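Reading through the structure tokens given below for one structure.
The values are calculated or read from the model by the stated rules, or taken from the named source; none is laboratory data. Just so we're clear, the structure is a prediction, and the values are computed from it rather than from any experiment. Neighbour counts run over all protein chains shown; Cβ positions are idealised from the backbone, glycine included.
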Ligand code: GUN
């Protein structure tokens with residue numbers, strides 16, 4: 001039976017480091033990390049995510065502001081708000097919660113955020129730095145950055161000689177994840193819906209990252225014995241066994257079967273999820289340290 005990787009504990013460790021470094025930064029320089037979270041519309045899932053990001057920011061000792069805009073807010077108003085936040089010296093991190101309503105061009109909004117405050121790591125400048133392996137001045141997207149910390153807990157920082165397979169090629173997870181694994185010396189393959197013999201490919205993976213957004217798509221017998229399995233998916237599926245209308249969360253990996261073969265595996269919930277928010281805090285702290293000319297802690 002695999003080791004179950006405790007993302008909640010790992011996320012708490014990161015948040016504790018952030019809170020301590022924040023107190024030191026404030027004491028030494030008077031600079032308090034500031035995070036602005038912007039949400040447009042009333043999508044219930046997004047509201048839950050945004051509320052927990054703002055709460056965690058306050059717990060870390062940050063200056064935390066939330067801008068909640070109506071669903072019919074014109075794109076020009078959102079862009080004007082971003083300009084304001086770009087120019088606000090008290091704000092070190094700007095996060096615009098996605099998805100945005102259909103009348104707003106998400107790409108345009110993301111590229112309007114100053115790359116120096118882009119704690120999501122979605123701006124082309126940060127995407128390019130990660131692609132070029134210039135990690136010391138980049139912002140790395142939070143979910144892959146958090147997944148990488150979990151992998152390091154099991155495998156260490158140097159993944160030389162290990163085969164990594166990333167299932168999923170999104171800009172938010174799959175592609176940055178592959179770049180991080182490559183920067184850590186893994187031999188990386190990105191698989192997706194058009195890949196031939198996905199099962200066979202996954203069976204070659206010492207590190208298997210599933211980020212496809214399809215419930216339990218990666219089957220237990222696709223897992224190489226002893227592999228490290230990182231399940232990025234969070235899918236809500238019907239659970240009639242719990243009662244009528246009930247549901248439960250599952251990942252992109254068939255957990256029970258995979259846990260029998262893996263060396264270590266992340267659960268859903270309690271695996272990658274808590275790391276995402278923790279890394280947002282880490283990125284915001286790092287941004288404030290850069291603004292203050294102070295060395296940031298290593299995560
Ligand atoms: N929506 C779902 N995940 C994310 C994320 O990591 N960042 C932003 N901005 N929106 C999201």
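Which of (1) part of a helix (DSSP H, G or I); (2) closer than 21 Å to residue 262 by Cα; (3) out of contact with any strand residue (DSSP E or B) (no Cβ under 8 Å at 6 or more places or on another chain) does residue 130 not meet, given it meets every other one?
That leaves (2) as the condition not met.
Residue by residue, here is whether (1) touching a helix residue (DSSP H, G or I) at 6+ places or on another chain (Cβ under 6 Å); (2) free of Cβ contacts under 8 Å to residues at least 40 places away in the same chain holds:
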position: 215; (1), (2): no, yes
position: 219; (1), (2): no, yes
position: 226; (1), (2): no, yes
position: 240; (1), (2): no, yes
position: 244; (1), (2): no, yes
position: 251; (1), (2): no, no
position: 258; (1), (2): yes, no
position: 264; (1), (2): yes, no
position: 288; (1), (2): no, no
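Of everything in segment 90-103, what is touching a residue at least 12 places away in the same chain (Cβ under 8 Å) and more than 13 Å from the ligand (Cβ to nearest atom)? Give them in sequence order.
Once the filter is applied, which keeps residues that are touching a residue at least 12 places away in the same chain (Cβ under 8 Å) and more than 13 Å from the ligand (Cβ to nearest atom), segment 90-103 yields 90, 91, 92, 101, 103.
Scan segment 106-140 for residues that are more than 15 Å from the ligand (Cβ to nearest atom) and either more than 17 Å from residue 35 (Cβ to Cβ) or at pLDDT below 95 (or both) and jot them down.
Once the filter is applied, which keeps residues that are more than 15 Å from the ligand (Cβ to nearest atom) and either more than 17 Å from residue 35 (Cβ to Cβ) or at pLDDT below 95 (or both), segment 106-140 yields 124, 125, 128, 129, 131, 132, 133, 134, 135, 136, 137, 138.
Given (1) away from the ligand (no atom under 16 Å from the Cβ); (2) surrounded by fewer than 21 Cβ atoms within 10 Å (Cβ to Cβ); (3) over 18 Å from residue 123 (Cβ atoms), where does residue 51 come up short, assuming only one miss?
Here residue 51 clears every test but (1).
Where in segment 225-299 are there strands (runs of 3 or more DSSP E), lying fully within it, with 2 or more residues that are surrounded by 17 or more Cβ atoms within 10 Å (Cβ to Cβ)?
Because the criterion is at least 2 residues that are surrounded by 17 or more Cβ atoms within 10 Å (Cβ to Cβ), the strands (runs of 3 or more DSSP E) in segment 225-299 that meet it are 228-231.
Residue 145 versus (1) in a loop (DSSP other than H, G, I, E, B); (2) closer than 30 Å to residue 204 by Cβ; (3) in contact with a helix residue (DSSP H, G or I) (Cβ under 8 Å, 6 or more places away or on another chain): which is the lone unmet condition?
Unmet for residue 145, out of (1) in a loop (DSSP other than H, G, I, E, B); (2) closer than 30 Å to residue 204 by Cβ; (3) in contact with a helix residue (DSSP H, G or I) (Cβ under 8 Å, 6 or more places away or on another chain): (1).
So which pairs qualify, if the first residue must be in segment 105-121 and touching a residue at least 60 places away in the same chain (Cβ under 8 Å) and within 15 Å of residue 84 (Cα to Cα), the second must be more than 13 Å from the ligand (Cβ to nearest atom) and part of a loop (DSSP other than H, G, I, E, B), the Cβ gap must be under 8 Å, and the two must be at least 6 apart or on different chains?
117/91; 117/92
Which residue out of 31, 18, 14 is buried (at least 19 other Cβ atoms within 10 Å of the Cβ), out of contact with any strand residue (DSSP E or B) (no Cβ under 6 Å at 6 or more places or on another chain) and under 30 Å from residue 261 (Cα atoms)?
14
Consider residue 175 against the criteria (1) surrounded by fewer than 24 Cβ atoms within 10 Å (Cβ to Cβ); (2) within 15 Å of the ligand (Cβ to nearest atom); (3) more than 26 Å from residue 270 (Cβ to Cβ): it satisfies all of them except one. Which criterion is unmet?
Of the numbered conditions (1) surrounded by fewer than 24 Cβ atoms within 10 Å (Cβ to Cβ); (2) within 15 Å of the ligand (Cβ to nearest atom); (3) more than 26 Å from residue 270 (Cβ to Cβ), the odd one out for residue 175 is (3).
Anything in segment 150-169 that is part of a helix (DSSP H, G or I) and surrounded by fewer than 20 Cβ atoms within 10 Å (Cβ to Cβ)? List them, or say none.
If the condition is that a residue be part of a helix (DSSP H, G or I) and surrounded by fewer than 20 Cβ atoms within 10 Å (Cβ to Cβ), then 152, 153, 154, 155 are the ones that fit.
All but one of (1) within 16 Å of the ligand (Cβ to nearest atom); (2) in contact with a helix residue (DSSP H, G or I) (Cβ under 9 Å, 6 or more places away or on another chain) hold for residue 235, so report the exception by its number.
Going through (1) within 16 Å of the ligand (Cβ to nearest atom); (2) in contact with a helix residue (DSSP H, G or I) (Cβ under 9 Å, 6 or more places away or on another chain) one by one, residue 235 breaks only (2).
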